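Accompanying notes for the structure given below.
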Amino acid sequence: MSNKPRIVFTRDEMLQMNIKSLNERGVTVEDIATVTYNQQSRYTKDIDFKICIESVEKLLSLRDVFHYLQLSIAIDVLAEKKMLPQPLQDIIYHDLGLFGVDEVMGLDVAGTYGTIGQTNFGDIDVNKPGIVRVLNDSGKEEGTCHTFLDDIVGAIAAAASTRVAQVINESEAHVKEYERRTLFDAEE
Ligand code: MG
């Protein structure tokens with residue numbers, strides 16, 4: 001047996017660790033899926049909430065998202081414990097508006113299923129629906145820091161919303177009788 005620490009995990013392990021970490025910070029998969037559902041419902045009627053849950057869970061099982069989420073929560077928790085070096089401690093704890101590293105991380109996660117995810121993220125970042133508003137407001141309370149968590153949660157909701165749109169478009173493409181035009185049709 002080597003003493004090498006385990007640093008790679010299965011998708012199911014990452015999903016379970018992410019759910020646990022989110023729950024410890026007061027966030028559920030349903031909270032995120034609700035933001036996804038409400039955003040995508042503006043464009044498509046009768047979305048099945050289950051696709052939103054499935055999309056959020058899919059994202060939470062991805063290695064990149066696992067790293068982003070775990071890092072985001074770790075930074076917030078260290079800021080709450082006043083354990084970051086200065087002046088980063090004050091910048092992050094007081095959520096300085098011009099500190100944009102949290103948004104950049106969010107933008108990367110948001111684009112997982114297509115560039116429209118970054119537009120979806122911008123919408124969520126500005127309008128702060130549901131759990132994003134809750135995290136934003138509670139993050140201002142003494143002893144609580146959600147500087148990174150609100151963005152990563154909003155980004156997961158945005159990427160999940162994009163995945164829902166991709167799934168719907170894919171099934172539409174299979175069902176609809178689109179006019180079939182190919183390059184060869186143009187030569188006729
Ligand atoms: Mg933030």
Review point. How big is the range 84-140 in terms of Cα radius of gyration and Dmax, in angstroms?
Key: 12.9, 37
Revision key, fill the gap. Summing -39500 (n - 2.57) over every DSSP H run of at least 4 residues in the chain and dividing by its residue count gives a helix-only mean residue ellipticity at 222 nm, to the nearest 500 deg cm²/dmol, of -20000 deg cm²/dmol
Revision key, fill the gap. Expressed in angstrom and rounded, the centroid-to-centroid distance over alpha carbons for the range 1-59 and the range 86-127 is 18 Å
Point to revise | Gyration tensor over alpha-carbon atoms, the chain, equivalent ellipsoid semi-axes in Å | key: 35, 20, 16
Check your understanding: How much of the accessible area of the range 11-169, in percent, comes from carbon and sulfur atoms when a 1.4 Å probe is used?
Key -> 57 percent
Review point. Going from most exposed to least, what order do LEU15, LEU59, LEU107 have by accessible area with a 1.4 Å probe?
Key: LEU107, LEU15, LEU59
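Whats the longest run of the chain with zero trypsin sites (Lys or Arg not before Pro) that are DSSP loop and have at most 15 other Cβ atoms within 10 Å?
Working: sites that count: ARG6, ARG42, LYS45, LYS81, LYS82, LYS140, LYS176, ARG180, ARG181.
By the stated rule (loop sites, at most 15 other Cβ atoms within 10 Å), 83-139.
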Revision key, fill the gap. With Rg from the Cα atoms and Rh as the Kirkwood inverse mean 1/r over Cα pairs, the range 107-168 has an Rg/Rh of 1.04
Exercise for review: Please tell me the relative contact order of the range 11-169 in percent, rounded to the nearest whole number, where contacts are Cα pairs under 8 Å and at least six residues apart.
Suggested key: 32 percent
Review point. In degrees between 0 and 90, to the nearest 10, how far off the longest principal axis of the chain does helix 29-40 point, with axes built from Cα atoms?
Key: 40 degrees
**Study point:** Per residue solvent-accessible surface (Å²) - the range 11-169, probe of 1.4 Å
**Key:** 48 Å²
Review point. Taking chymotrypsin sites (Phe, Trp or Tyr not before Pro) as exposed when DSSP calls them loop (any state but H, G, I, E, B) and at most 10 other Cβ atoms lie within 10 Å, what is the longest stretch of the chain free of them, the sites themselves excluded?
Key: 1-177
Study note, to complete from the structure: Given 25 °C, 0.890 mPa s and a Kirkwood radius over Cα pairs, the Stokes-Einstein diffusion coefficient of the range 135-174 in µm²/s is 206 µm²/s
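The values are calculated or read from the model by the stated rules, or taken from the named source; none is laboratory data. Nothing here was measured: the structure is a model prediction, and the numbers come from that model. Here the Cβ is made from the backbone with ideal geometry for all residues, glycine too, and neighbour counts use every protein chain on show. These accessible areas exclude ligands, DNA and RNA; they are computed on the full protein's heavy atoms, side chains included. Shrake-Rupley method; radii C 1.70, N 1.55, O 1.52, S 1.80 Å.
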